[in-house]
Amino acid sequence: MNRKFHLNKLLLVCFILPHLLQAGWHDRRCEGWAYYEEKSVPKEDNEKPIQVTKKPSEELQERKNEMEDTLAKAILEPTEENIQKYIELQNMWLIRAGDVSKVWAKVVLKNPSLDNSISGTPVSSYGSKFYHKQKSLLQKDIVKSLAESHGLICFYEGRDEASKEFAKMISLFSKRYDWIVQPISVDGVILEELPGSILDKGLKEQFGITHFPAVYVIEPNETEAIPVGFGLVSVDMIETNITLQFRENFEKGKIHKQLK
């Protein structure tokens, strides 16, 4: 009986034991049975997350977009909260602009070569007056010097009221600088205000002129005509345009300066 009892007990153990081992394996209460198991040791995460740095232009664009979106919302939904948020952002940008302006001024003072008021147009009231005075003297010098070797050809339409006003201006310019002017009527109507006018005989097509009145500077010994004005230009504008077209040659000595 004892032998039978022990046999039954052994069978019971053999029947239950696999289930115990399986359960223990899953709930890890019988890890001693699996002493040979290689436990996985969690690796320390030494790698730091990569931080993506935005470009300044990207960050600036994002802030500009925020400003535009805030303004749009304030316009579409003009609540006190939306208006206040836009004003706050606007004030922030004004302060930032002031900071940039201050640093800009310091940089220019430390680096005079960056100052446009030295090499370009002065920004001070006194400097601006001096600059424009010198510019005016240069223009007059160029125009007077050019009058010695060049002439003006002006094309006009006698039936056009704008050409009649133009005639007064070109006559004034001619007298002021002693320029020889050859007026040419392109529509067959001669203006009394422009004595010595002749009728066009294909010159406008040769020059490719499509807008009138038109003024060109021409040297008698050359066939090239340089445009210096179209429409109702003023005397000052013709001076400016002549200077623009001939200043380089004047400074290189190709046009002799007016003797004083």
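If I filter the stretch 186-202 for residues that are surrounded by fewer than 11 Cβ atoms within 10 Å (Cβ to Cβ), out of contact with any strand residue (DSSP E or B) (no Cβ under 8 Å at 6 or more places or on another chain) and among the small types (Gly, Ala, Ser), do I get at least one hit?
Scanning the stretch 186-202 turns up at least one residue that is surrounded by fewer than 11 Cβ atoms within 10 Å (Cβ to Cβ), out of contact with any strand residue (DSSP E or B) (no Cβ under 8 Å at 6 or more places or on another chain) and among the small types (Gly, Ala, Ser).
Output the number of the condition that Val123 fails; it satisfies all remaining conditions of (1) aliphatic (A, V, I, L, M); (2) surrounded by 12 or more Cβ atoms within 10 Å (Cβ to Cβ); (3) in a loop (DSSP other than H, G, I, E, B).
So the condition that Val123 fails would be (2).
Within the stretch 109-124, can you find the residues that are at pLDDT 80 or above and not charged (D, E, K, R)?
Leu109, Asn111, Pro112, Ser113, Leu114
Might you check whether a residue that is in a helix (DSSP H, G or I), surrounded by 12 or more Cβ atoms within 10 Å (Cβ to Cβ) and touching a residue at least 24 places away in the same chain (Cβ under 8 Å) occurs anywhere in the stretch 75-93?
Yes, the stretch 75-93 has at least one match.
Quick check on the stretch 222-237. Is at least one of its residues surrounded by fewer than 19 Cβ atoms within 10 Å (Cβ to Cβ), of a type outside the set (Gly, Ala, Ser), more than 29 Å from Lys133 (Cβ to Cβ) and out of contact with any strand residue (DSSP E or B) (no Cβ under 9 Å at 6 or more places or on another chain)?
yes
Modelled with pLDDT of 90 or more and either farther than 30 Å from Ile242 by Cβ or surrounded by 10 or more Cβ atoms within 10 Å (Cβ to Cβ) (or both): which single residue out of Lys102, Lys133 fits that description?
Only one candidate passes the filter, namely Lys102.
Taking Thr79 as meeting all but one of (1) at pLDDT 95 or above; (2) within 30 Å of Phe207 (Cβ to Cβ); (3) not aliphatic (A, V, I, L, M), write down the number of the exception.
(2)
Inspect all residues belonging to the stretch 50-65 and state whether any of them is surrounded by 12 or more Cβ atoms within 10 Å (Cβ to Cβ), over 30 Å from Thr243 (Cβ atoms), touching a Leu at 6+ places or on another chain (Cβ under 7 Å) and not aliphatic (A, V, I, L, M).
Restricting attention to the stretch 50-65, the residues satisfying the condition of being surrounded by 12 or more Cβ atoms within 10 Å (Cβ to Cβ) are 61, 63.
If we keep only those that are over 30 Å from Thr243 (Cβ atoms) as well, we get 61, 63.
Now restrict to residues that are touching a Leu at 6+ places or on another chain (Cβ under 7 Å): none.
No, every residue in the stretch 50-65 fails to be surrounded by 12 or more Cβ atoms within 10 Å (Cβ to Cβ), over 30 Å from Thr243 (Cβ atoms), touching a Leu at 6+ places or on another chain (Cβ under 7 Å) and not aliphatic (A, V, I, L, M).
Return yes when Ile118 is in a helix (DSSP H, G or I) and surrounded by fewer than 12 Cβ atoms within 10 Å (Cβ to Cβ) and no when it is not.
Values: in a helix (DSSP H, G or I): yes; surrounded by fewer than 12 Cβ atoms within 10 Å (Cβ to Cβ): yes.
The answer is yes for Ile118.
Could you please let me know if Ser163 is out of contact with any strand residue (DSSP E or B) (no Cβ under 7 Å at 6 or more places or on another chain), polar (S, T, N, Q) and either in a helix (DSSP H, G or I) or surrounded by 12 or more Cβ atoms within 10 Å (Cβ to Cβ) (or both)?
no
Listed here are the residues, each with its yes/no results for (1) assigned to a loop (DSSP other than H, G, I, E, B); (2) in contact (Cβ under 8 Å) with a residue 24 or more places away in the chain; (3) out of contact with any Lys or Arg (no Cβ under 6 Å at 6 or more places or on another chain).
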residue	(1), (2), (3)
Cys154	no, yes, yes
Lys168	no, yes, yes
Ser171	no, no, yes
Lys175	no, no, yes
Thr210	yes, no, yes
Glu239	no, yes, yes
Thr243	no, yes, yes
Gly253	yes, no, yes
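The values are calculated or read from the model by the stated rules, or taken from the named source; none is laboratory data. Only a predicted model underlies this, so the values are computations on that prediction, with no experimental measurement involved. With ideal geometry, Cβ positions are generated from the backbone for all residues, glycine too; neighbour counts draw on all protein chains shown.
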